[in-house]
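The structure appears right after this line, and notes come after that.
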């Protein structure tokens, strides 16, 4: 519980996250570095509570003007970063909240409620379909067991054939003959003194065998009549069972396709509902009776440091041992926007959108991360409240279907059975082997993170607190990459100031 609380509280504090990822470089001081290294052994999210971070380079611009909106500021910087990082800029954080007394709160919550209602309606249908799929799988398994008795009864092996016939006779006694009531074989044996009637029935497999039994004429007649009825039932029931097996297997495929369709329909509503959720800010600017909104936006640009290009430019010596570099390094620039909208009177609107004016705090930070550190950073950013909110939906589909994954692949014909036979067990009948399994194409919520522009990461590759330190040559590359990140960060900051008529600074990296 403490880990979840720490995640929710600090997931939008990027300096803290980077301090946990690389405490040696980005922890604020030596005491914080030591505390992070101790806490990260327990959990990286609990380490966020003791973390305090710093950047390689940091600049800030503050607008506090009732005539200034966030959109032109944001898009100007975004377009410039896209040009400098080759379009490799991603949005990391997009949070907002408004006071309960504001008109923006009422309208946003109304939209969120409608999205939630529609999403939950479809998810209710999804739950029913998943339950139906599981029941169909179990029905098909029962059909397979029954069909295996019929196939065993046809076997040329005496022992196998005898075993199959006895199984079918027992089913016939329990499900067909039992319905006769007092005239059923078991009832007649127990109540009417026909001793051994069931044993005689189980011992013969044909009408001729019944006639040749060494017993009374009355018992011969009863067994002869029941054996004839059983053999007719065996013939017709096998044919009917195979039809039902085929129909239910086709219906299973139909239900799986329906599940794909319903989950595809649910995605836009679940995405919209999550995006309309408000962040719980403990900000004194949020007064219930005020008409105020706070937004937090964070974008990040990254670009791989090119060692070959650095050698070509003369920044590295020509005989630099590139084979000693085991990791890639990325100069990164992170820009954080915090906007506090204080409209004058009622909010101004353009069409159906609000125009909020107020104070904007822009913070420019630069970092240098290795590919391993970048994976850890992305993992912590990925595990946000959005993914937690959808854990129930994911468990309802992915986890439920994973338990019967092999059965689905088997019955839908995506892979051959372990014995190489068809589901009915007919000897020699092979299924066409396919290169893809059922779950290669279908797992309704495996891409649940991608709904929100987040790619899932493999947690097995890198572990917190276990990244090996840079060797001598990697330290040299990291230092150059850090300088590139600082220069880029300052250039974005200074160019924005120049472009908007603000006092600029001399470029120390020129």
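Read-outs throughout are calculated quantities, based only on the coordinates presented, and are distinct from any laboratory measurement. Just so we're clear, the structure is a prediction, and the values are computed from it rather than from any experiment. As a convention, Cβ positions derive from the backbone with ideal geometry for all residues, glycine included, and neighbour counts pool all protein chains shown.
Things to note:
- Cα→Cβ-extended label distance, 7 Å offset, between residue 67 and residue 246, nm: 8.0
- Label positions at residue 127 and residue 43, each projected 7 Å from the Cα along the C-beta direction, are separated by 2.7 nm.
- With the simple spin-label model, which puts each label point 7 Å out from Cα in the Cβ direction, the residue 216 to residue 317 separation comes to 11.3 nm.
- Modelled FRET efficiency - R0 60 Å, residue 142 with residue 58, Cβ distances, 0.05 increments: 0.35
- Cα centroid separation, segment 89-129 to segment 308-323 (Å): 52
- For residue 166 and residue 134, a Förster radius of 30 Å and the Cβ-Cβ distance give a FRET efficiency of 0.45, rounded to the nearest 0.05.
- Per the Debye calculation on segment 264-330 with a single equal scatterer at every Cα and no solvent contribution, log₁₀ I(q)/I(0) for q = 0.20, 0.24, 0.27, 0.28 Å⁻¹ amounts to -0.95, -1.11, -1.16, -1.19.
- Whole-angstrom gap from segment 156-198 to segment 220-299, using each part's C-alpha centre: 41
- If R0 is taken as 41 Å, the Cβ-Cβ distance between residue 289 and residue 505 corresponds to a FRET efficiency of 0.45.
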